[in-house]
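First up is the structure itself, then whatever we jot down about it.
The values are calculated or read from the model by the stated rules, or taken from the named source; none is laboratory data. Given the structure is predicted, the values throughout are model-derived calculations rather than measurements. For neighbour counting, all protein chains shown are included, and Cβ atoms are generated from backbone atoms with ideal geometry for every residue, glycine included. SASA here: full protein model, heavy atoms, side chains in, ligands and nucleic acids out. Shrake-Rupley method; radii C 1.70, N 1.55, O 1.52, S 1.80 Å.
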Amino acid sequence: MFIRKIKLRNFKSFKKAEIEFRDNFTVITGPNGSGKSNIIDSILFCFGISSSKTLRADKLTDLIKHGQKEAEVTIELDGYIVRRRVKKTDKGYYSYYYINGKSVSYSDIERLIEKLGLNTEYNIVMQGDVTRVAEMTPIQRRKIIEDIAGISEFEEKKEKALEELEEVKRNIEKVEITIKEVDDRLSQLKVEREEAIKYKNLVEERELLLNYKRIHEYLRLVNTANSLRKRLEELNEERDQILKAITDINSRLVNLNEEVKEIVDRIESFKDSRLKRINEEINVVSNEISGLKKLISLFSSEVEDLNREKEKTLISLQRAEEEIKRINEELRDIDVKMESLENILNEKISYLNALKIKYDEITSRFRAQREELESKLNLLNELKEKRTSLLKEREKILEGLRRIGMEIDDMELSREKIDLSRIFDEIAEDERNLAILKNEMDKLKLKLFEIDGEIFKLRDEIAKIDKEIREKEIELAKVSAIQKPRAVEVVLKAKEEGKLEGIYGTVSQLCSVDEKYALALEIAGGNALNFIVVEDEDKAIRAVKYLKDVDGGRASFIPLNRINISLNLDKSVLSVEGVIDYAVNLIECDRKFRKVFELVYKDALVVEDIDTAKKFMNKFRVVTLDGDLIEKSGVITGGSIKKKATLGLFDRERRLREDIENLKRSRSELESKLSEVELERKDLEKRIEKLNEDITSLKSKISTSGAKVDEFSKLLKDIEEKLKEKRREAEILNSKALEVEEEINKIEENIRCIEREVKELESKLKDDRIVKLNTKIEEIRGEIERLKDLKSVLSSKQSSLVAKREQLIKAIEEYKSSLNDLEKKITERLNGIEDAKAKILELERRLESLREEERRINKEVGDLREKRDELLKEIDKLEKEKSQKTLAEKLLEERIKDLKEKLADVEKTLESYDIEIPKDLPSLEYVERKLLQVEEELKSFGEINMKAIQEYEDVKKRLDELIEKKKTLERERKEIIEKIKRIEKMKKEAFLSTFNSINEKFKEIVKELADGEGEIYLDKDDPFQSGLHIRFKPFGKPIQRLEAMSGGEKSLLTLAFIFAIQRYKPAPFYAFDEVDMFLDGVNVGRLAKMIKKLSKDAQFIVVSLRKPMLQEADHVIGVTRGGEEESIVTAIQLR
Amino acid sequence: RIVSFENVPHEEDVEEKIVEVYKSLLSLGMKEISFLNLVRGFDKPKKVTYYISILHLAYRKKLKVEQEKPYEDIRVILNERGD
């Protein structure tokens, strides 16, 4: 593990430097003050090895180069890069360590030093260290060996053991004191304990007697419990029967509910699947139809637009064709005129030529004048030709102007065609429609809100009715359960389940009575009120068999067909005061059941009180309003009675049933109303949805129209631009035409001028014949010219007309093409409309079929609902029966519960006894007598410390523990003493082993280094009381002690001592700072040679100014000062 | 061989060597000298003497030393105003 590189930044005299080290032996040299030792300081700094004093600085910040804020040293080792940075601030300084770029703490650096074996005390030797060792006292030098031998570790162990020993001693003393105190307390407790034991025995006897007493009480309670259990078993049996019946009902209910669920599932499946699919399809088809209708509307609108455009085009076409016709006629006229002109012109030219010949003959004498005249005439002709050419050019320009004019006309026509106002009107119309739709939407939403409110109210009402029904049903169940015997219940239930036919109900169920007669009629009716009225005896027999089959108990039946009774009631009795009426007359019932009541009540008379009743003894069966009864036989039954009023209750039952039915009817009405409202809501939702679609569609249309407006606006702008361009072109042509016109005028002026000259010349050549001829020629020429002009004009007009015709033909072609396009478009749109209509018809047929299917499914669902309702009714009946049973079961349960509670109380009481019954249980009398005796004896005791018994045991136990603890502590003390002795021994062995080993190495080194014999020795037998001395015998000289040696000798031997230590505890590298300072040249050479030898196994970095040292080095690093007084380094290799 | 600490052999006179080396540098008449060229053929002690002397001369601002990489050649640049 060598140092490969040291990087310094702002460290002491170094501003920035990189010092590279190579293996073996490197010497750092340079003038004093150049900064050599700062390199060794940097190693100490980077490893955080020593204090700032060792680093030759008053404080750490003095290590920072003057004028800088921070310093940094990086040392690159094999495999490690250690960096330390110190930063100066106003508040102080901060120091940072890094290993391989990672910020670490100083303890990490310490661990690294430990790991690398950098024993910095001896492998980095600073300038003063040699002198320091030499000047140490012998004891201090011994301490060095102690350090190296790790004696401090033994010392620490010994110190710890001594502390432990002291602690044990203190504990032993404490325990001894406590033992004394506890022993005293024990003696005192012994007396109290004996008294307490005597008292305790008496108390225990009393407890035993009391226990016997409790056993007697216990036995009494056991008997009570047994009788309660027996009663409980009976009731449980009864309840089990009811529970079985409830289980049967539940099973039936489960089946029915499953059936209902199946139906509901089927209904739901209809709703969820088929109906939903049909509805969705209806919506799709409706939407499709709506879309197609919109398409038809759109196409119709487009057809109208196209027709309007077609009409306009046709008008333009017609105009163009008329114009062509006119042009053709004009051209024909021009052709005729041209032909006629040509003939006349030819005649005139022939005539002119003849005249010219004649004239030439006559004017031969006046040739020169004639020639001049000729020349003038030629010039005149040229000018005229030029004029003709200019006229043509003018014509062309005018033609150009006309063309541009037509183009402008076309553009204006196109511009007119772009009818923005129509689109604006459409948008305005659409927006009006949109506002209407939105308004309608708002209304529908308001309506929806109202309907939601109505639905909420209806549901609330239904919920209230449901609650009322439930309450009534519970009450009904209670009423029914109170009155009807089990067998009657079974039969009525069988009737409801359809198991038995021809059952009308119990006698009481078939009538209603006034509340005030109810009790009297109930008493008069007696058990017969629960007789079951049936159609005939067969029905009765079937019912009886059924009761047997189901083990339903016994009931009485009244076959309606078999009632044979004829009552002859004496009405005179009714006039007696206190007589109310015959019982049978106080009953309200169906006429067909009248006989039933005649059978039950016969001639029983209802009177106000028992005194009145007395009057009819042995004549009638009389019952009072209070429920007192006097049989015909004279038997009187009466007294107080709970007003259960069976008939009243039966009547109540009937009323309750009616109420429930009425409530159910109301509920059904409300449900039907709710369904209607919900349907209305759905319809409303559909309408809203449809409106939403329309609004969206309209918005989209408005948006499209807006886009169209933008597009047309752009087109208009383009046309305007083009118009401007064309108008500019027209202006240019106009100005050109004016220029040509001006030129023509100039030429004509010239022509007139020349003609005047010609006239003058001709006047010179005055001769009558010539003049005449000339006049004639001129006339002819004039005519010819006129004719030519006329021809030219006609020709120009002809060209212009032909060009115009060509343009018109072209325009007609375009119009026709445009018309064709329009026709095609119209046809396409009409076809589209036809297709859409056909498709609509098809879709409407599909819609009808879907609606038909929807109606069919709705019917199917309706049927299922009916079936479901029937099943629900049955469930309802069963539920009622179940409620009755449940109520009965509850009543029994309550009784059982009461009994159980009583039993539980008894059992709990029994449990609380927790006793065993002894075989020889003394009698209760004996127990009570003996108890009195014991109580008397207990009273004779004074104050007793009962705790003394337990306390005595505790204190005794504590005393035993303390004695045991004392023994343990004494054992521990012995062990610690043994341990201290062992540590002492090991310490001495470690020291002597280290000492001897270092001494051996010292001897070897001294021999090699100083050419003499040397040793280290201790001055006492006990090494730890000794001082360490160095003894040296130079070759051929007496032995010397270190204290008596010269400075050079001291240095050499001290170095030998240091080397010996280093050999004992090798390090990977060594740094020496001017350790050769006090050696002469020869000894420096020796030292250098030794270092050279040792450097084979370790890296040596030595600061030295001595040449012998430098000469032995493998590499020399030179330190000097640079321009700005900073240290600079160079390095040379000497090997 | 007898080693005597009292009889210390004569130590080299460093100052004398410095002056000697400086003179030899000046005598070359070059402003910039390669250290390797300068000490080529020298034995180890003489090389050390020259190196130490140059370090001292640099310290006294008689010259400047520049080395691009450690252990490579050193450029010795004489200062003009050195005396």
- request: Report the relative contact order of region B:14-78, percent, no decimals, based on alpha-carbon pairs under 8 angstrom and at least 6 residues apart.
  value: 40 percent
- request: Have a look at A:V596, A:S575, A:S512 and report the one farthest towards the positive end of the charge dipole of region A:482-643, computed about the Cα centre with Cβ charges (Lys/Arg +1, Asp/Glu -1).
  value: A:V596
- prompt: Ignoring any ligand, DNA or RNA, what whole percent of the accessible area of region B:14-78 comes from carbon and sulfur when the probe is 1.4 angstrom?
  reply: 54 percent
message: Just want to confirm a number: the relative contact order over chain A, from Cα pairs under 8 angstrom separated by 6+ residues, in percent.
response: 28 percent
- prompt: To the nearest 10 square angstrom, how much accessible area does A:M411 have with a 1.4 angstrom probe?
  reply: 30 Å²
message: Can you compute the charge dipole magnitude of chain A about its Cα centre, using +1 on each Lys and Arg Cβ and -1 on each Asp and Glu Cβ, nothing else charged? Give it in debye, rounded to the nearest 20.
response: 3860 debye
field: ³J(HN,Hα) computed for each position of region A:308-320 - Karplus, 6.51 cos²θ - 1.76 cosθ + 1.60, integer Hz, glycine/proline x
entry: 4, 5, 4, 4, 4, 4, 4, 4, 4, 5, 4, 4, 4
- prompt: Of the beta bridges DSSP finds with both residues in the protein assembly as shown, what % are antiparallel, to the nearest 5?
  reply: 75 percent
- prompt: Considering chain A, which cysteines have no disulfide-compatible partner, defined as another cysteine with its Cβ under 4.7 Å away?
  reply: A:C46, A:C753
message: Can you list residues from other chains, or at least 5 along the same chain, whose modelled amide H is less than 5 Å from the amide H of A:D626?
response: none
- line: Dipole check, the protein assembly as shown, charges on Cβ (K,R +1; D,E -1), about Cα centroid: among A:G1048, A:I558, A:S421 the Cα furthest to the positive pole belongs to A:G1048
- request: Give a residue-ordered list of calculated ³J(HN,Hα) values for region A:1017-1033 (Karplus: 6.51 cos²θ - 1.76 cosθ + 1.60, θ = phi - 60°; whole Hz; x for Gly, Pro).
  value: 8, 9, 9, 9, 5, 7, x, 7, 9, 8, x, 9, 10, 10, 10, 9, 10
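What's the magnitude of the charge dipole for region A:482-643 around its Cα centre, counting Lys and Arg as +1 and Asp and Glu as -1 at the beta-carbon? Answer in Debye, nearest 20. Don't skip to the end; give the middle numbers.
Details: 25 positive and 26 negative charges, 96 e Å.
That gives a dipole near 460 debye.
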222 nm mean residue ellipticity, helices alone, for chain A (DSSP H n ≥ 4; -39,500 (n - 2.57); rounded to 500): -26000 deg cm²/dmol
field: A versus B: buried accessible surface, summed, Å² (probe 1.4 Å, to nearest 100)
entry: 3100 Å²
task: May I ask for the distance between the Cα centers of region A:691-710 and region A:551-612, given as a whole number of Å?
output: 86 Å
query: HN-Hα J couplings of region A:1065-1081 from phi, Karplus 6.51/-1.76/1.60, θ = phi - 60°, integer Hz, Gly and Pro as x?
result: 10, x, 10, x, 9, 10, 10, 10, 10, 6, 6, 9, 4, 9, 9, 7, x
message: Counting heavy atoms of the protein chains only and a 1.4 Å probe, report the per residue accessible area for the protein assembly as shown as a whole number of Å².
response: 57 Å²
query: Can you put A:I896, A:I465 in order of accessible area, largest first, using a 1.4 Å probe?
result: A:I465, A:I896
message: So the label point goes 7 Å from the Cα of A:E163 along Cα→C-beta, right? Which residues of region A:955-989 then have their backbone N under 18 Å from it?
response: A:973, A:976-977, A:979-981, A:983-984
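Provide the percentage of antiparallel DSSP beta bridges, counting only those with both residues in region A:482-643; round to the nearest 5.
Antiparallel bridges: around 70 percent, rounded to the nearest 5.
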- line: In region A:955-1045, taking the dipole from +1 charges on Lys and Arg beta carbons and -1 charges on Asp and Glu beta carbons about the Cα centre, the listed residue (A:I1030, A:I976, A:A990) farthest towards the positive end is A:I976
statement: Under 5 Å from the placed amide H of A:G1012, counting only residues 5+ away or on other chains, we find A:K1007
- request: Determine the order of A:K788, A:K947 by accessible area, beginning with the largest, at a probe radius of 1.4 Å.
  value: A:K947, A:K788
message: Just to verify a number: what accessible area does A:T827 come out at with the full protein assembly present, 1.4 Å probe, Å² rounded to tens?
response: 70 Å²
query: Out of residues 5 or more away from A:I580 or on other chains, whose amide H comes under 5 Å of its own, with H placed 1.01 Å from N in the peptide plane?
result: A:V606, A:V607, A:E608
- line: The extension gain from A:R220 to A:R415, computed as 0.36 nm times the residue separation minus the Cα-Cα distance, is 57.7 nm
statement: For A:D609, the net charge from surrounding residues (Cβ-Cβ under 14 Å; K, R +1; D, E -1) works out to -2
query: In debye to the nearest 20, how big a dipole does region A:1-103 give about its Cα centre with +1 on each Lys and Arg Cβ and -1 on each Asp and Glu Cβ?
result: 340 debye
